[in-house]
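Let me begin by presenting the structure, written as structure tokens, before commenting on it.
The values are calculated or read from the model by the stated rules, or taken from the named source; none is laboratory data. Nothing here was measured: the structure is a model prediction, and the numbers come from that model. Counting neighbours? That spans all protein chains shown, and the Cβs are built from the backbone with ideal geometry, glycine included. Keep in mind that these areas ignore ligands, DNA and RNA; they rest on the heavy atoms of the full protein, side chains included. Shrake-Rupley method; radii C 1.70, N 1.55, O 1.52, S 1.80 Å.
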Amino acid sequence: MKTKILLLIFLFFLIFSRTLYPEKQNIRFEKLSCEDGLSQSNVFSIIQDRKGFMWFATEDGINKYDAYSFTIYKNNTNNINSLSDNWVNRIYEDSSGYLWIGTDSKGLDKFD
């Protein structure tokens with residue numbers, strides 16, 4: 001009987017030891033700045049969309065990062081389909097994959 005209890009205790013610790021003492025994860029941080037192509041150093045909101053792109057809301061438009069380079073979206077007064085304001089406070093992705101862009105003074109934009 002004592003052997004069975006010891007065996008059960010041993011099996012318990014063997015099974016749950018990974019849960020109690022998880023393996024260390026290698027977390028790596030990478031700094032992105034204007035030298036890397038970011039349009040502005042003041043970033044107010046960051047999201048990662050469902051495709052893996054990183055989006056940054058800045059005082060100078062929205063910046064999409066694909067792990068290699070930035071694509072910058074800004075207001076173009078000659079294009080009614082462009083970003084309504086360059087000062088962007090928030091970015092949000094909805095369940096359909098649309099990005100909602102909250103600007104400082106021109107309201108809300110939907111990015112398709």
Where a residue in region 31-44 is within 15 Å of W55 (Cβ to Cβ) and its partner, wherever it lies, is open to solvent by less than 80 Å² (accessible area, probe 1.4 Å) and assigned to a helix (DSSP H, G or I), with Cβ under 8 Å and at least six apart: Q40/C34
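Output the residues belonging to region 52-111 that are among the acidic types (D, E) and more than 17 Å from E35 (Cα to Cα).
Restricting attention to region 52-111, the residues satisfying the condition of being among the acidic types (D, E) are 59-60, 66, 85, 93-94, 104, 109.
Selection gives D85, E93, D94, D104, D109.
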Test: residue in region 36-46 that is modelled with pLDDT under 95, of a type in the set (V, I, T) and surrounded by fewer than 11 Cβ atoms within 10 Å (Cβ to Cβ): no
Breaking point among (1) modelled with pLDDT under 90; (2) of a type in the set (G, A, S); (3) closer than 30 Å to T103 by Cβ; (4) surrounded by 10 or more Cβ atoms within 10 Å (Cβ to Cβ), for A57: (1)
Residues located in region 77-90, provided they are open to solvent by 70 Å² or more (accessible area, probe 1.4 Å) and either touching a residue at least 12 places away in the same chain (Cβ under 8 Å) or touching a Ser or Thr at 6+ places or on another chain (Cβ under 9 Å) (or both): W87, R90
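Could you say whether any residue in region 18-32 is under 30 Å from I91 (Cβ atoms), at pLDDT below 95 and open to solvent by less than 100 Å² (accessible area, probe 1.4 Å)?
Start the filter on region 18-32 by keeping residues that are under 30 Å from I91 (Cβ atoms), which leaves 25-32.
Applying the additional criterion that residues be at pLDDT below 95 yields 25-32.
In the following step, the residues that additionally are open to solvent by less than 100 Å² (accessible area, probe 1.4 Å) were identified as 32.
Yes, that holds for at least one residue.
Quick check on region 61-76. Is at least one of its residues among the hydrophobic types (A, V, I, L, M, F, W, C) and closer than 15 Å to W100 by Cα? I'd like the intermediate steps shown before the answer.
Looking only at region 61-76, we keep the residues that are among the hydrophobic types (A, V, I, L, M, F, W, C), and these are 62, 67, 70, 72.
Applying the additional criterion that residues be closer than 15 Å to W100 by Cα yields 62.
Yes, some residue in region 61-76 is among the hydrophobic types (A, V, I, L, M, F, W, C) and closer than 15 Å to W100 by Cα.
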